[in-house]
1. Do you know which residues across region 37-94 are among the acidic types (Asp, Glu) and either part of a helix (DSSP H, G or I) or modelled with pLDDT of 90 or more (or both)?
2. Could you pull out the residue among 189, 133 that is in contact (Cβ under 8 Å) with a residue 40 or more places away in the chain, within 20 Å of residue 65 (Cβ to Cβ) and assigned to a helix (DSSP H, G or I)?
3. Being hydrophobic (A, V, I, L, M, F, W, C) and open to solvent by 70 Å² or more (accessible area, probe 1.4 Å) narrows it down to one of 192, 245, so name that one.
4. Answer with yes or no whether residue 117 is closer than 27 Å to residue 83 by Cβ, of a type in the set (Asp, Glu) and in contact with a helix residue (DSSP H, G or I) (Cβ under 6 Å, 6 or more places away or on another chain).
5. Being farther than 18 Å from residue 162 by Cα and surrounded by 12 or more Cβ atoms within 10 Å (Cβ to Cβ) is the filter here; which residues of region 216-235 pass it?
6. Condition check: surrounded by fewer than 18 Cβ atoms within 10 Å (Cβ to Cβ), of a type in the set (A, V, I, L, M), farther than 15 Å from residue 78 by Cβ and free of Cβ contacts under 8 Å to residues at least 24 places away in the same chain. Does residue 48 satisfy that?
7. Can you name the residue in region 95-128 that is assigned to a helix (DSSP H, G or I) and without any contact (Cβ under 8 Å) to a residue 40 or more places away in the chain and is also farthest from residue 10 (Cα to Cα) among such residues?
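The values are calculated or read from the model by the stated rules, or taken from the named source; none is laboratory data. Just so it is clear, the structure is predicted and the values come from calculations on it, not from any experiment. Neighbour counts run over all protein chains shown; Cβ positions are idealised from the backbone, glycine included. Keep in mind that these areas ignore ligands, DNA and RNA; they rest on the heavy atoms of the full protein, side chains included. Shrake-Rupley method; radii C 1.70, N 1.55, O 1.52, S 1.80 Å.
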Amino acid sequence: MDTLRIVIVDDEPLARALVREYAAADARLEVAAECANGFEAVKAVAELQPDLVLLDVQMPKLDGFEVLELLGRDQPVVFITAYDQYALRAFEVHAIDYLLKPFSAERFQEAIGRARERLRARTPADVEAIVREARPRAGYAERVLIRDGADVHVLPVDQIDYVEAQDDYVAYSSSGKQHLKDQTLAAVEASLDPARFVRVHRSFVLNVDRIARVELYAKDSRMAILRDGKRLPVSRAGYARLQQLL
């Protein structure tokens, strides 16, 4: 790979200008876009498909980890961050390169060189593990971010009816609509408040407020009937978890 097309994402104009200055000194770098927030970043990546994203961690609206989740495991990223012990430890464990502010032109070129090596190796990042380890737990999720092409949907958790595993994705169901996200059901279960959401089956996590009743379907099998008439299977283990809440 000769020319590396990069997208710079940082809410601080001076920080973007510094990266642009360092990039201009390398004839094999092309700045495809500059973004001042995570929403712009998701749109730019979807439309421009850059080779590499230089992504600030600390940003308003969407932080760098939320952007990483939306971009997915196949988008190479170099994080830019102020000192954060959790983030730095996660980056080192998962061999993700990062630039610690303030950084020099030499350190920038070193990070670009490592990124070129990773691009040649085509090694996808373990996004869920990086996000889980780098971002300290600050309570359960209050919203879910879902990418739809260049757009980002923000879904408050109280609007989620249930979540269904679908191969490598999960489908968030809300008011009759489904939103696909590249995520595991285990990660969904860990992110939602267990007092409100229960894994009732290996393929379903259910908002208990949506349950109208639970019926016996067959031996050791039950069916949850939702307020909108939707029927979801409930395993024996799922029913035991439900009984602890209902």
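1. Taking region 37-94 and keeping what is among the acidic types (Asp, Glu), we get 40, 47, 51, 56, 63, 66, 69, 74, 84, 92.
The answer is 40, 47, 51, 56, 66, 69, 92.
2. From the options 189, 133, the qualifying one is 133.
3. Working: 192 fails: open to solvent by 70 Å² or more (accessible area, probe 1.4 Å).
Of 192, 245, the one residue that is hydrophobic (A, V, I, L, M, F, W, C) and open to solvent by 70 Å² or more (accessible area, probe 1.4 Å) is 245.
4. Values: closer than 27 Å to residue 83 by Cβ: yes; of a type in the set (Asp, Glu): yes; in contact with a helix residue (DSSP H, G or I) (Cβ under 6 Å, 6 or more places away or on another chain): no.
No; evaluated as a whole, the condition is false for this residue.
5. Those that are farther than 18 Å from residue 162 by Cα and surrounded by 12 or more Cβ atoms within 10 Å (Cβ to Cβ): 217, 221.
6. Numbers: surrounded by fewer than 18 Cβ atoms within 10 Å (Cβ to Cβ): yes; of a type in the set (A, V, I, L, M): yes; farther than 15 Å from residue 78 by Cβ: yes; free of Cβ contacts under 8 Å to residues at least 24 places away in the same chain: no.
For residue 48, the condition - surrounded by fewer than 18 Cβ atoms within 10 Å (Cβ to Cβ), of a type in the set (A, V, I, L, M), farther than 15 Å from residue 78 by Cβ and free of Cβ contacts under 8 Å to residues at least 24 places away in the same chain - is not met.
7. Once the filter is applied, the top-ranked residue is 121.
Yes/no per residue for (1) of a type in the set (S, T, N, Q); (2) touching a Phe, Trp or Tyr at 6+ places or on another chain (Cβ under 8 Å); (3) under 19 Å from residue 72 (Cα atoms):
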{"residue": "173", "(1), (2), (3)": "yes, yes, no"}
{"residue": "209", "(1), (2), (3)": "no, no, no"}
{"residue": "221", "(1), (2), (3)": "yes, no, no"}
{"residue": "226", "(1), (2), (3)": "no, yes, no"}
